[in-house]
Amino acid sequence: MFVFINQSSTLMKKLYFFLIFSGICLSANAQTMTPEKLWELQRVSPISLTNDGQQVIFSTSSYDISTNSSSSKTFVLPLKGGDPTQIKSYDSIYTDAKVSPSGQYKLVSKEVKVEPVSGEDFYPEMEKSDVYIYDDLNYRHWDTWEDGKYNHLFIKDLSSEEEWDIMEGEPYDTPLKPFGGSEDYIWNSDGSKVFYVSKKLKGKDYAESTNSDIYSYDLTSKTTTNLTEDNEGYDTSPAVSKDGTLAWLQMDEPGYEADKNDIIVLRDGQKQNLTKDWDGTVSSFLWSKDGKKLFFLAPTMGTKQLFEVNLPKEGSGEVKQITEGQFDITGMVGQTDNSMVVTRTDMNHASEIYIVDLKSGKMDQLSHANDSFYNGIKLSKVEKKDDPNHRRKRNANLGDLPTRL
């Protein structure tokens, strides 16, 4: 299509330059994403809900390529919406979950030297030696060499500052290496026991096995019990309900790292697989406030969504999908009343904090750390491959092609 412009017309000249100027402005305001621009995004990381359940605590991190440095800020944000308020500390509005219910003790993880590995360990006089000596697997976790140090779990008395190692002398890790974190250890409901995850194997047996277990440490007797000795696959992520019921994630096939993850609960000494009859795998879960159901995240149709499963007297529970859409629910921060605070991301947006209505699945965005960034970016069009509308458009475009190529 061509448009003829009469150059003698002042009006047409103005229109011509207006169109050109508008095009330039639109191009400038709708930049395409680049690796450099990705660094400009704020990284939103939720910390917890406040003790009263009315606000969410989160931090944002930003990075400077030129100085190779980062900085972070911490905020509180009302769940009813509004602007975040920057804070310097949150001790007065949030109680660490790693503190015992009585407030007397705290769980602390530290690295402890247990075995000789370095040249100096074997030959003290060789202070400047720079070697590791191994005679068995496992000698490396991804990009980190085994150096004879292991993550151990300590119980610290907050009044006396004294602490003791509940894994003293053991060449095993809690949290698990290389990806384990604070989700690997918790208190029971009255603070008399600690539940923790460890893979208590050595050498080649450790390297070839996926057999992590849930252990129970009794503070009074100072004894440890393996609660999942009957299962030879992964047992991870212990969590306790309001009434003290223990649940965890389990894979049951030995050596299979991508096996289905099920939710197991322990009630009256009996183990119950809540998701055995559900055709999916659980990424993470959280007890409901009333202890009558569990919320969990799981992949489905190329996305990750929020689900719930009830807690029947026996057998598998009934699974219900709560959210649905072209996005991923990447984490659960906590439940408040009939809502769940989560983090969400999609193919065009970095993680932000949302609140989900647990009955309808309706979602409202709470944090808006990157809104101004996206206002200047041309967003990509994302389509599901199995979308019937997408298939019709594709077939229409191919309609003039020969049937045999």
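Which value, in debye to the nearest 20, gives the size of the charge dipole of the chain about its Cα centre, when Lys and Arg are +1 and Asp and Glu are -1 at the Cβ? Dipole size: approximately 2840 debye. Put simply, the amide H of Thr300, placed in the peptide plane, has neighbours under 5 Å in Gln305, leaving out anything fewer than 5 places away on its chain. Just want to confirm a number: the relative contact order over the stretch 134-290, from Cα pairs under 8 angstrom separated by 6+ residues, in percent. Reported as a whole number, the value is 14 percent.
With helices as the sole contributors, the chain gives -3000 deg cm²/dmol at 222 nm; each DSSP H run of n ≥ 4 counts as -39500 (n - 2.57), and the sum is divided by every residue.
Computed extension gain for Ile65 through Thr85, at 0.36 nm per residue and net of the alpha carbon distance, reaches 4.5 nm. Given contacts defined as C-alpha pairs under 8 Å and at least six residues apart, what's the relative contact order of the chain, whole-number percent? Dividing the mean separation by the residue count of the chain yields 10 percent.
If the segment from Asp130 to Asp157 were pulled out straight at 0.36 nm per residue, it would be longer than the present Cα-Cα gap by 5.9 nm. Overall, the anisotropy analysis places the stretch 197-338 in the oblate class: the square-rooted eigenvalues a ≥ b ≥ c of its C-alpha gyration tensor yield a/c not less than 1.5, with a/b not exceeding b/c. With the charge dipole of the chain set up from +1 on Lys and Arg Cβ and -1 on Asp and Glu Cβ about the Cα centre, the Cα lying farthest toward the positive end among the listed residues Leu201, Tyr63, Phe179 is that of Tyr63.
Note the angle between two axes, namely the Cα long axis of helix 10-29 and the longest principal axis of the Cα atoms of the chain, as a number of degrees from 0 to 90, rounded to the nearest 10. Value to nearest ten degrees: 10. A simple packing score, the average count of other Cβ atoms within 10 Å per residue, orders the peptides 339-348, 108-117, 256-265 as 339-348, 256-265, 108-117, with the highest score first.
When the listed pairs Lys73/Lys98; Lys80/Lys313; Lys292/Lys362; Lys276/Lys362; Lys156/Lys200 are checked against a 25 Å cut-off, the alpha-carbon distance exceeds it for Lys80/Lys313; Lys276/Lys362.
For the pair Leu137 and Thr220, the difference between a 0.36 nm per residue extended length and the Cα-Cα distance amounts to 26.3 nm. Compute log10 of I(q)/I(0) for the stretch 149-206 with the Debye formula, placing one identical point scatterer on every Cα and leaving out solvent, at q = 0.23, 0.25, 0.26, 0.28 Å⁻¹, to two decimals. Calculated log10 I(q)/I(0) at the listed q: -1.01, -1.13, -1.18, -1.26. Rolling a 1.4 Å probe over the heavy atoms of the protein chains gives the stretch 145-202 an accessible area of 43 Å² per residue. If R0 is taken as 30 Å, the Cβ-Cβ distance between Glu40 and Thr95 corresponds to a FRET efficiency of 0.30.
How far is helix 388-397 tilted off the main Cα axis of the chain, in degrees rounded to 10, range 0 to 90? In the chain, helix 388-397 runs at an angle near 40 degrees to the longest axis. Would you mind classifying the stretch 84-241 by shape? Square roots of the alpha carbon gyration tensor eigenvalues, ordered a ≥ b ≥ c; an a/c under 1.5 is rounded, otherwise it is prolate if a/b is larger than b/c and oblate if not. Prolate, since a/c reaches 1.5 and a/b exceeds b/c.
Rounded to the nearest 0.05, what FRET efficiency is calculated for Thr330 and Lys113 with R0 set to 35 Å and r the Cβ-Cβ distance? Efficiency computed from Cβ-Cβ geometry: 0.45. Packing order of peptides 293-304, 373-384, 143-154, highest average first: 293-304, 143-154, 373-384 (average count of other Cβ atoms within 10 Å over each peptide's residues). Where the accessible area of the chain is counted over protein heavy atoms with a 1.4 Å probe, how much of it, in %, is carbon and sulfur? Using a 1.4 Å probe with all protein chains present, the chain comes out at 49 percent carbon and sulfur. Between Lys106 and Lys378, the FRET efficiency estimated from the beta carbon spacing at R0 = 45 angstrom works out to 0.40.
Once both labels are positioned 7 Å from their Cα atoms along Cα-to-Cβ, the gap between Thr303 and Lys320 label points is 1.9 nm.
Kirkwood analysis of the Cα pair distances in the stretch 40-142 returns a hydrodynamic radius of 18.6 Å.
The values are calculated or read from the model by the stated rules, or taken from the named source; none is laboratory data. Everything quoted here is computed from the prediction, not taken from an experiment. Methodologically, a virtual Cβ is constructed for each residue, glycine included, from the backbone with ideal geometry; neighbour enumeration extends over all protein chains shown. Surface areas here come from the heavy atoms of the whole protein model, side chains and all, with no ligands, DNA or RNA. Shrake-Rupley method; radii C 1.70, N 1.55, O 1.52, S 1.80 Å.
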